1. Quick one: which residue in Ala14, Ala40 is part of a helix (DSSP H, G or I) and surrounded by 13 or more Cβ atoms within 10 Å (Cβ to Cβ)?
2. Can you name the condition, by its number, that Leu60 falls short on among (1) more than 30 Å from Ser18 (Cβ to Cβ); (2) among the hydrophobic types (A, V, I, L, M, F, W, C); (3) out of contact with any Lys or Arg (no Cβ under 8 Å at 6 or more places or on another chain)?
3. Considering only residues that are hydroxyl-bearing (Ser, Thr, Tyr), over 22 Å from Met341 (Cβ atoms) and either surrounded by fewer than 21 Cβ atoms within 10 Å (Cβ to Cβ) or not assigned by TED's automatic domain parsing to the domain that holds Gly122 (or both), which ones fall in segment 220-252?
4. For segment 328-421, list the helices (runs of 4 or more DSSP H) that sit wholly inside it and hold at least 1 residues that are assigned by TED's automatic domain parsing to the domain that holds Gln118, under 30 Å from Ile24 (Cα atoms) and touching a residue at least 60 places away in the same chain (Cβ under 8 Å); which are they?
5. Could you list, in sequence order, the residues of segment 168-208 that are touching a strand residue (DSSP E or B) at 6+ places or on another chain (Cβ under 7 Å) and not in a loop (DSSP other than H, G, I, E, B)?
6. What number of residues within segment 356-392 are over 30 Å from Ser138 (Cβ atoms), surrounded by 12 or more Cβ atoms within 10 Å (Cβ to Cβ) and either touching a Cys at 6+ places or on another chain (Cβ under 8 Å) or not hydrophobic (A, V, I, L, M, F, W, C) (or both)?
7. Does Ser427 qualify as being modelled with pLDDT of 90 or more, among the small types (Gly, Ala, Ser), farther than 30 Å from Thr354 by Cα and in contact with a helix residue (DSSP H, G or I) (Cβ under 9 Å, 6 or more places away or on another chain)?
8. Does Gln255 meet the test of being in contact with a Ser or Thr (Cβ under 8 Å, 6 or more places away or on another chain), in the same structural domain as Glu317 (by TED's automatic domain parsing) and surrounded by fewer than 21 Cβ atoms within 10 Å (Cβ to Cβ)?
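The values are calculated or read from the model by the stated rules, or taken from the named source; none is laboratory data. A quick note: this is a predicted structure, and the numbers were derived from the prediction, not measured. Quick reminder, even Gly has a Cβ in these numbers, built from the backbone with ideal geometry, and neighbours come from all protein chains shown.
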Amino acid sequence: MSKDYSAFVNPLTARYTSKEMSHIFSPEFKFGTWRKFWIALAEAEMELGLPVTQEQVDDLKAHADNINFADAELQEKKVRHDVMSHVHAYGLQATKAAPIIHLGATSAYVGDNTDIVQMKTGLELVRDKLQILLKQLSDFAMAYRSVPTLGFTHLQPAQLTTVGKRASLWLQDFYYDYEDIRRYIDEIPLLGVKGTTGTQASFVELFDGDLDKVRALEVKVVEKMGFDQVVALSGQTYTRKIDYKVCSLLCQIAQSASKMTNDIRILQNMKEVEEPFEKSQIGSSAMAYKRNPMRSERVASISRYVMGTPAILAATEATQWFERTLDDSATKRIVIPEAFMAIDAVLDILRNVTDGLVVREKVIHSHIMAEIPFMASENILMEAVKRGGDRQELHELIRTHSMEAANVVKDEGKPNDLLERIAADDSFGLTKEDIDNLLDPKLYIGMSAEQVEDFVTQIIAPITNEVSEMAVPDLIV
């Protein structure tokens, strides 16, 4: 069959997201999960004494996986109702069970519960990919934990840090994201078996007023579906705060990813750190010499989309009238799958970037040496005081020399000559050799290396020691 080029193709599925994440939000997964919930409901109803037979349950199970999509689509054109169309299609296959499919349930039983299953499964994949990213970033941070580099505040040169310490700041953001997702995977609840307005009235009727059996039905269904949490209360649907919470978790990852890749883009401009660049990759259609940070730019771009999704879901929750309105449905079909697929793409690109980051240590060193005269001034002051100088007088001299040296750099484009000025000033009592001994960049990195080691060994390693290896994604550049 030839490819259709006449219709829009979602770039998330065509270019960016993994097959694993795309499958979670596929019709096959969605409607297959609907059938699992119908089986769980029928089996639980049978076990609690309703007129459902083992033969009917077995019939449902026998046709759980071979979904007759064509029959469902044909029926939906007639009845304009997706759930009833699939009830009809399932009944065409499981003919013995047809009379009891969806017994007592409303559409939200399969729809909302399946949404939760999809989101939880998606979060599990995100968690696993985050775990691998934590491992890659921690390895990078440890490898460069002692390599000095200019720190920046307000994007202006500040005290030195290290390449690894800076990477550990990215790492820590993703660690917080990982922990929040890990916790919510354990906490996310199913809607359960609640009925048309959340009162369970249809099940009270089915069980002739036996409330204990109604409660037991929900417990059984939830357990059969592998969950141990269920919302205590609902209208027809679970509160849409859950959707907002899930997308907010993905938004947090997008924030971390954008922060990291924005840093990399600036560092690549400075020629200090570069993302991977393929041998035959073209950076610009016009400027052949360019080596653009295209992966990092893509992460920033896709992350921007994810960061916008919580606002849509917040509005959805805020405008749900009473027990539910259907204006949430179309939004959910778009926003939640795309948010998951987008963050999945972001994590794959980040793993690709982190795996091939290039650190230009000589360039970094040259940038340090251009600024270190200013940073060494405090140590120079202390050394001069030790030799009998007046701290206040010397402080004023350093301030004056620093301003003059800065003017030489900015106005004349000449090298920083602060150290030469200080060596020539007899008030300091220091030779050029004395001053040179105070210029080792490692004297100015504080506890950077130790902070990285402590964080990685104490916080990250327990998470990543058991991480399963996944191949670095091969991306369309």
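1. It is Ala40.
2. (3)
3. If the condition is that a residue be hydroxyl-bearing (Ser, Thr, Tyr), over 22 Å from Met341 (Cβ atoms) and either surrounded by fewer than 21 Cβ atoms within 10 Å (Cβ to Cβ) or not assigned by TED's automatic domain parsing to the domain that holds Gly122 (or both), then Thr239 is the only one that fits.
4. Details: elements: 329-355, 361-375, 377-386, 391-412.
Per the criteria, 329-355.
5. If we filter segment 168-208 for residues that are touching a strand residue (DSSP E or B) at 6+ places or on another chain (Cβ under 7 Å), which is where we start, we get 189-190, 192.
Listed by number, the list holds a single entry, Leu190.
6. Step one: list which residues in segment 356-392 are over 30 Å from Ser138 (Cβ atoms), which gives 370, 373-374, 376-392.
Filter again for surrounded by 12 or more Cβ atoms within 10 Å (Cβ to Cβ), leaving 370, 373-374, 376-385, 389-390.
Now narrow it down to the ones that are either touching a Cys at 6+ places or on another chain (Cβ under 8 Å) or not hydrophobic (A, V, I, L, M, F, W, C) (or both): 373, 377-379, 383, 389-390.
Count: 7.
7. Details: modelled with pLDDT of 90 or more: yes; among the small types (Gly, Ala, Ser): yes; farther than 30 Å from Thr354 by Cα: yes; in contact with a helix residue (DSSP H, G or I) (Cβ under 9 Å, 6 or more places away or on another chain): yes.
Answer is yes for this residue.
8. Values: in contact with a Ser or Thr (Cβ under 8 Å, 6 or more places away or on another chain): yes; in the same structural domain as Glu317 (by TED's automatic domain parsing): yes; surrounded by fewer than 21 Cβ atoms within 10 Å (Cβ to Cβ): yes.
Yes: the conditions hold for Gln255.
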